[in-house]
Ligand code: PLP
C-alpha cells in the first residue's frame, strides 16, 4: 500500500517482485487523482491528457459525483449476482439505449468481454438472416481486446504465441469497401468495426465508407458491430461515434469510460437481436453489479447534465486550433473527432512522450508516430490549454 513513506522507487521494486510483467510499466506509481490531475508516490503532479487509457475519459479521476455514488452504494448493496432483477442495471441500460438505437443491454467488465458477447450473439443469431453463420471480419490496424475471441479479431502482432486462434476470422482494409465485400460469404456472421480506429492511429473513416459498410452488411445478412469501447460515451462529441455517419449498427460494444473509472462494459443489441441470448447462453457473475452499474448511471447523467457532448466538440476544436496555429514542422497531420485527437509526426514520437512525462504531462503514442490525446471531457479549459502549450513546446524541440 502507498503511504507517506512509500516512493516510486520502492513501489516499482515491489511491483517487479509481485506482479506478472505483462505491461511495459513506467517507473511511476500514481497514488491520487482529481479531475485531469494525478499525483505520484513522490508527490509529483501530472496533467493527464490520456485519462487512464480512456477509462477516466468522461469524469476524470475520482469525480465527486462518482465518488458519492460509489460511497453510498458500497454501504447499500455491492453485488447480488444476475439471478435477481437489478434496478441500477435497468437505469444504466435506459441511459444507453435512449441515446442510441433502442434495443437491450448485457453488462460485463471489459471491452474484450463486450466484444466476446457480440461475437457469440452474432454467431447465435446467424448474422441477420438466421442462417448458419460463424465467420467474422475485422480490419487491419484494429483493436478489439485480448481474450482469445477478441484477440482473433485483432492484428497478428498481438496474436503471436497464442495460436491456433478462433478459425474463420479475416481482416479487410479500413476504408476499402471492396476489401470487405471480397471477404463476406454465406457463412459470415459479423463485421467488427471501430468508428474511429484508436490503437490503429486515430484514423477517421469517411461517411461514405461507414454508410457503404452498413449497406453491405444489411444486403449480405451480416451483423454490423460497432466497437465503441474508445469512442463512447461522448468522447467524439456525439453520445456514440456511429452517430457521425448517419447509420445504426446491429450491435455496439462499450467499455472504458462508461463506469467513471469503475469496470463497466456492455454489449448493446438492436431490437432485432435483443432477445437472441436466452438463459444459459451467456453470463458474467459480477457484470452490472449494483456498485458499478450505479457508477455508470452517475457517469451517463454527468454527460447529460454537464452537456459534455458540446464540451467535447468545443474543447477538441480549441486544442486542434492551438496545434494548427503552432505550425509545427514535425507534425504531418492532426485528426480525430471531438476530444479524441491524433497528431501524426514525421518521426517516432517516443522522445516527445518521455520529455512530456518528465515535465508532468501524460500523453500516449500509438503506431510509433501518432500522439494520442484523450483528456477527460470535464477538463477545465485553462488546464487543457496549459497541456497543449506544454506539448507544443516539446514538439518544437
Ligand atoms: N476495443 C477497443 C476499440 C479498444 O481500444 C480496447 C482497448 O483498448 C478494447 C476493445 C479492449 O478493452 P479492454 O482492455 O477493456 O478489454
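Since every read-out is calculated from the coordinates, none of them should be taken as a lab result. Predicted, not measured: the structure shown is a model, and the values here were computed from it. All Cβ positions, even for glycine, are placed from backbone atoms using ideal geometry, and neighbour counts span all protein chains on display.
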Item checked: Per-pair calculated FRET efficiency, R0 = 56 Å: residue 34 and residue 187 via Cβ, rounded to 0.05 -> 0.65
Item checked: segment 227-273 - Kirkwood radius from inverse mean 1/r over Cα pairs (Å) -> 11.0
Margin query: Among 77-85, 317-325, 368-376, 100-108, how do they line up by average Cβ neighbours within 10 Å per residue, starting with the highest?
Written below: 368-376, 100-108, 317-325, 77-85
Notebook entry, point to check: Rounded to the nearest 5, what % of the DSSP beta bridges within segment 77-305 are antiparallel ones?
Noted result: 40
Margin query: Just to confirm the number: angle between the C-alpha axis of helix 87-97 and the first principal axis of the chain, 0 to 90 degrees, nearest 10?
Written below: 80
Notebook entry, point to check: Angle between the Cα long axis of helix 381-396 and the longest principal axis of the chain, 0 to 90 degrees, nearest 10?
Noted result: 80
Next item on the list: Just need the Rg to Rh number for segment 157-231, please, alpha carbons only, Kirkwood Rh.
Entry: 0.97
Next item on the list: Take the Cα atoms of segment 97-150, find their three principal axes, and give me the spread along each one in whole Å, biggest first.
Entry: 31, 30, 18
Margin query: Above 17 Å lies some portion of the pair distances; for segment 50-141, what is it as a whole percent of all C-alpha pairs?
Written below: 71
Next item on the list: At 37 °C and 0.692 mPa s, grab the translational diffusion coefficient of segment 265-317 from Stokes-Einstein with a Kirkwood Rh over Cα pairs, rounded to a whole number in µm² per second.
Entry: 235
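Rounded to the nearest 5, what % of DSSP beta bridges with both residues in segment 1-69 are antiparallel?
Percentage antiparallel, nearest 5: 100.
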Margin query: Under the rule a/c < 1.5 gives rounded, and otherwise a/b versus b/c splits prolate from oblate, where does segment 103-209 land using the Cα gyration tensor?
Written below: rounded
Check: What are the extents of the Cα atoms of segment 77-305 along their three principal axes, listed from largest to smallest and rounded to whole Å?
Finding: 50, 37, 36
Margin query: Which residue fluctuates most in the GNM of the chain (Cα springs below 10 Å): 43, 316, 111?
Written below: 43
Next item on the list: Output the direction-averaged projected area (hull surface divided by four) of the convex hull of the alpha-carbon atoms of the chain, in nm².
Entry: 19.6
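In segment 293-391, how does Rg compare with the Kirkwood Rh, expressed as the Rg/Rh ratio over alpha carbon atoms?
Rg/Rh for segment 293-391 comes to 1.01.
Return the percentage of antiparallel bridges among DSSP beta bridges fully within the chain, rounded to the nearest 5 %.
On the way: 31 of 48 bridges.
The answer is about 65 percent antiparallel.
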Check: Hey, what's the Cα Rg ratio for segment 1-157 versus the globular rule of thumb, 2.2 N^0.38 Å?
Finding: 1.35
Check: For the residues 158, 242, 46, what sequence is obtained by ranking on other C-beta atoms within 10 Å, fewest first?
Finding: 158, 46, 242
